1. Quick one: how many residues across region 20-67 are at positive phi and either free of Cβ contacts under 8 Å to residues at least 24 places away in the same chain or not small (G, A, S) (or both)?
2. Taking the conditions exactly as written (of a type in the set (A, V, I, L, M, F, W, C), within 13 Å of the chain's Cα centre (by Cα) and surrounded by 12 or more Cβ atoms within 10 Å (Cβ to Cβ)), does F19 satisfy them or not?
3. For region 1-15, how many residues meet the condition of being touching a residue at least 40 places away in the same chain (Cβ under 8 Å), touching a strand residue (DSSP E or B) at 6+ places or on another chain (Cβ under 9 Å), under 11 Å from N54 (Cα atoms) and of a type outside the set (A, V, I, L, M)?
4. Looking only at region 16-45, which residues are among the small types (G, A, S) and in contact with a strand residue (DSSP E or B) (Cβ under 8 Å, 6 or more places away or on another chain)?
5. Show me the strands (runs of 3 or more DSSP E) entirely contained within region 33-151 in which 2 or more residues are exposed (fewer than 13 other Cβ atoms within 10 Å of the Cβ).
Amino acid sequence: MKWLAENNWKTLSSDELEFFYRGGKLPRKSVMLTFDDGYLDNWFQVYPLLNEFNLKAHIFLITSFIGNGPVRHSPGKEYSHRDCEHQIATGNADNVMLRWSEVNEMLQSGLVEFHVHTHTHTRWDKKFTSREEQCKHLRQDLLSGREYLKK
């Protein structure tokens, strides 16, 4: 992120990307920063860098994994990606995922936009063999996540 800032790269918002898709021009050095799932390291590692270098980013949340509670001021134990998956599977998502209080603080900064990755992060391709069933359930998962995010 330091390199992006030092080399005058512009990080894009969703509105700027939509402007481009509608035929608008973007600066030559444009990039969109995205982070999937809503892991806690987005709060402790990514967000401070976005602030430091005044960069925009997009975080795509798994909305059913986002917890309640106050903003955390220290990250606690660090987990590998595999350990994060285990924490979530054993009902301890709050150890490794963002909380709504942290989401709201990042949102208020104007540097971070939040979008839906899905609501449950279910592998519908593993649950159903029918493409039609997979798509039906994925669509509902996305819509559920979107509704949850609006709240």
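1. In the first step, residues of region 20-67 are kept if they are at positive phi; the result is 23, 37-38, 54.
Subsequent filtering for residues that are either free of Cβ contacts under 8 Å to residues at least 24 places away in the same chain or not small (G, A, S) (or both) retains 23, 37, 54.
Residues flagged as at positive phi and either free of Cβ contacts under 8 Å to residues at least 24 places away in the same chain or not small (G, A, S) (or both) within region 20-67 amount to 3.
2. No, not satisfied.
3. 1
4. Of region 16-45, the ones among the small types (G, A, S) are 23-24, 30, 38.
S30, G38 - these are the residues of region 16-45 that are among the small types (G, A, S) and in contact with a strand residue (DSSP E or B) (Cβ under 8 Å, 6 or more places away or on another chain).
5. Values: elements: 34-37, 57-62, 112-118.
In region 33-151, there are no strands (runs of 3 or more DSSP E) which contain 2 or more residues that are exposed (fewer than 13 other Cβ atoms within 10 Å of the Cβ).
Values in this text are rule-based calculations from the coordinates and carry no lab data. Keep in mind it's a predicted model, so treat the numbers as computed, not measured. Glycine also receives a Cβ, built like all others from the backbone with ideal geometry; neighbour counts cover every protein chain displayed.
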